[in-house]
Amino acid sequence: MLNVAPKELRENIARANGYLRRNEVPRALKAMSAALRQFASVHLMRGPRAELDIQISDFLNSLMHHQAMQPLLDPHGLGKPKPIPYQLGKEAALATVLDGLARIITSEAENEIRRQTEERLERKKMLIETGTRLLGEGQLAKGRAFLKRVAEEFSDDEGIRVQLGKIFVAAGQLVEAAEMYEESIEHQPREVGAYTGAIAAWLELREYEKAEKVFQAVLRTFGGHPNTYGKMAKMYWDWRKRDKAEELAIRALQGNASQPEALEVMKALKKR
């Protein structure tokens, strides 16, 4: 006969109560289940056993009134949850019950997460389809509003702004496309498609200063590359900045002697 409960047993009961206070009900149930199985296998004197009985009963009472247990213990919401029975000498049976409850709650939580995820995806799909349709119908303000709402509600979705930028490009809304790509750069600085999309949109709009700023962001984020320098050279040539075009073309060709935009710029320079 032991006059003190084993440390691991006491710790599992303490963990169970701690998890329950933090609303981690499945973990609380599993911790108490482990404690009960340990309790069933040890021989304690009356005093320490009675103390553990009180702790277990207090846990079950708190569990019975926990919000997460209401669908199981008080399904009709009458405020009278069904108690979880506990009898001395039947700790292992109660442990099995708690394990079953943990599985049920975990399964319900997973189903709820799955349901919320499906609803979220369905809403995103609806907003994108509605916005795209409105743009196609010429209702540009409404279409833009729907797509910008997507960016706000699903801002953490990887690549969402690049996707929206492409939709704006397809609808001929280049300013909105460029701005959406730039939002993407702010939120996901390593998203290469956002830089290329923004540059392409600003260049098509002949907004060379804005395109230049994006190119500079590319250099800061990814470093210099012959293709980047070549495309910058082409931009400066179209911008009628001959000296900058030549400088960037030379830099591009130093890294890649066959870089196409740089060769095009150098060929145009020789004709002048």
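At a glance:
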quantity	calculated
The chain: angle of helix 25-40 to the longest principal axis, Cα-based, in degrees nearest 10	30
Value of Rg to Rh for region 5-50 (Rh from inverse mean 1/r over Cα pairs, i.e. Kirkwood)	1.03
Cut-off 18 Å (backbone N to label point 7 Å along Cα→Cβ of Asn3), residues of region 41-60	43-52
Aspartates and glutamates with Cα under 12 Å of Lys267, excluding same-chain neighbours fewer than 8 positions away	Glu246
Charge sum, other residues only, whose C-beta stays under 15 Å from Lys125's C-beta, Lys/Arg counted +1 and Asp/Glu -1	-1
Residue-count net charge about Lys7 - beta-carbon cut-off 15 Å; Lys, Arg +1, Asp, Glu -1	-1
Whichever lysines have a C-alpha closer than 28 Å to that of Lys90, once near sequence neighbours (fewer than 8 apart) are set aside	Lys7, Lys30, Lys80, Lys82
Carbon + sulfur, % of accessible area of the chain - ligands and nucleic acids excluded, 1.4 Å	51
Per residue value of the accessible surface for region 88-165 (all protein chains in place, 1.4 Å probe), Å²	59
Per-bin percent of Cα-Cα distances, region 191-267 [10 Å]	22, 54, 24, 0
Links that overshoot a 23 Å alpha carbon limit, given the list Lys124/Lys210; Lys124/Lys166; Lys210/Lys234	Lys124/Lys210
Extension gain, Ser258 back to Lys270 (0.36 nm per residue minus Cα-Cα distance, nm)	2.6 nm
Reported label for calculated percent of Cα pairs over 34 Å apart given [x] 54; [y] 26; [z] 18	[x]
FRET efficiency for Ser41 and Ser62, using Cβ-Cβ distance with R0 set to 22 Å, rounded to 0.05	0.35
Helix-derived mean residue ellipticity, 222 nm - over the chain, DSSP H n ≥ 4, -39500 (n - 2.57), to 500	-25000 deg cm²/dmol
Cβ-based net charge around Tyr19, under 11 Å, with every Lys or Arg adding one and every Asp or Glu removing one	+4
Nonlocal amide H pairs with Leu44, under 5 Å, H built at 1.01 Å	Leu2
Span from the region 52-109 Cα centroid across to the region 142-207 one, whole angstrom	51
If the convex hull is drawn through the Cα atoms of region 53-196, its volume per residue in Å³	163
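The values are calculated or read from the model by the stated rules, or taken from the named source; none is laboratory data. Since the model is a prediction, treat every value here as computed from it, not as a measurement. Virtual Cβ from ideal backbone geometry, glycine too; neighbours counted across all protein chains shown. The accessibility values were calculated without ligands, DNA or RNA, using every heavy atom of the protein model including side chains. Shrake-Rupley method; radii C 1.70, N 1.55, O 1.52, S 1.80 Å.
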